[in-house]
Every structure is written in C-alpha cells, then in structure tokens.
1. Can residue 78 be described as part of a helix (DSSP H, G or I) and in contact with a helix residue (DSSP H, G or I) (Cβ under 7 Å, 6 or more places away or on another chain)?
2. For the stretch 24-46, how many residues meet the condition of being part of a loop (DSSP other than H, G, I, E, B) and either within 15 Å of the chain's Cα centre (by Cα) or closer than 21 Å to residue 76 by Cβ (or both)?
3. Count, please, the residues in the stretch 81-105 that happen to be closer than 10 Å to residue 38 by Cα and part of a strand (DSSP E or B).
4. Where the second residue is surrounded by 14 or more Cβ atoms within 10 Å (Cβ to Cβ) and the first is free of Cβ contacts under 8 Å to residues at least 12 places away in the same chain and lies in the stretch 60-81, which pairs have Cβ atoms under 6 Å and are six or more apart or on separate chains?
5. Condition (residue is at pLDDT below 95 and buried (at least 16 other Cβ atoms within 10 Å of the Cβ)) applied to the stretch 2-13: is it met by at least one residue?
6. Tally the residues that are out of contact with any strand residue (DSSP E or B) (no Cβ under 7 Å at 6 or more places or on another chain) and either at pLDDT below 95 or in a loop (DSSP other than H, G, I, E, B) (or both), restricting the search to the stretch 106-126.
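The values are calculated or read from the model by the stated rules, or taken from the named source; none is laboratory data. Not measured: the values here are computed from a predicted model. Glycine also receives a Cβ, built like all others from the backbone with ideal geometry; neighbour counts cover every protein chain displayed.
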C-alpha cells in the first residue's frame, strides 16, 4: 500500500465512530445529549430520503467557516453525518479542534441509516 493510502487509512481509523442503530437508539433515549451535524449538500439534505430529525445542516466544505453555528453544551457529543462517511470524516478535524466535546462520525453515513430503515424527516419547500 502506498504511504499516502496508509496515512489516509490511519487517519480514518483514529476517528471515533458510531453505528447507525446505536445513534438511533441514543437519540431516542437521550436526544439532548447529541448534536447531529449533516454535512451533505443542500440537494441531498432536501432529497426525498430526508435527513436525521433535528440535525443541523452545515454543507461541506463550508463547515470550517460555520463552526460557530454548532450550539453545543458541555456533556453533549457531536455526530457528523454525510452520504457515505467521507465528507464527515474530512470535516472531523476542523470540528474536533473547535469544540470541547467529543466528536464522532456516523459510520457509513446516511446510506447506513437508510439501510437500517431508520426514521428521517423531509423538508417540504413551500
């Protein structure tokens, strides 16, 4: 494996992750403990398959410039979400460095969420 691929693999594996069923259960049992940040595009966010209810939408790559929009309190955790997990992992470092709470990545992104048939909400445009 090339050194670049090894570095990328090492970085991805060091990011704390949460599986979709575990996040769904955690949000049901203790929703105030989590801030879900969806970094998908506007088109994806408004798509027919929807997004996790209550999630904050900060599209990648603008996350770094909009971190101050993440309203997080001590004791909470941030979970970053995208389509498959790539953009959320790319956003991880910027968010993690800017906050004093744990940050996790949703393993497999919304594809995993949908594969487990977990609930979403869809924004209806007026």
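1. On the way: part of a helix (DSSP H, G or I): no; in contact with a helix residue (DSSP H, G or I) (Cβ under 7 Å, 6 or more places away or on another chain): yes.
Here the answer is no, as residue 78 does not meet what is asked.
2. Going residue by residue through the stretch 24-46, those that are part of a loop (DSSP other than H, G, I, E, B) are 30, 39-41, 46.
Checking the rest, the ones that are also either within 15 Å of the chain's Cα centre (by Cα) or closer than 21 Å to residue 76 by Cβ (or both) come to 30, 39-41.
The total comes to 4.
3. Of all residues in the stretch 81-105, those closer than 10 Å to residue 38 by Cα come to 81-83, 87-88.
If we keep only those that are part of a strand (DSSP E or B) as well, we get 81.
Of the residues in the stretch 81-105, 1 are closer than 10 Å to residue 38 by Cα and part of a strand (DSSP E or B).
4. 66/58
5. Initial filter on the stretch 2-13 (at pLDDT below 95): 2-13.
Remaining after also requiring buried (at least 16 other Cβ atoms within 10 Å of the Cβ): none.
No, because not a single residue in the stretch 2-13 is at pLDDT below 95 and buried (at least 16 other Cβ atoms within 10 Å of the Cβ).
6. 10
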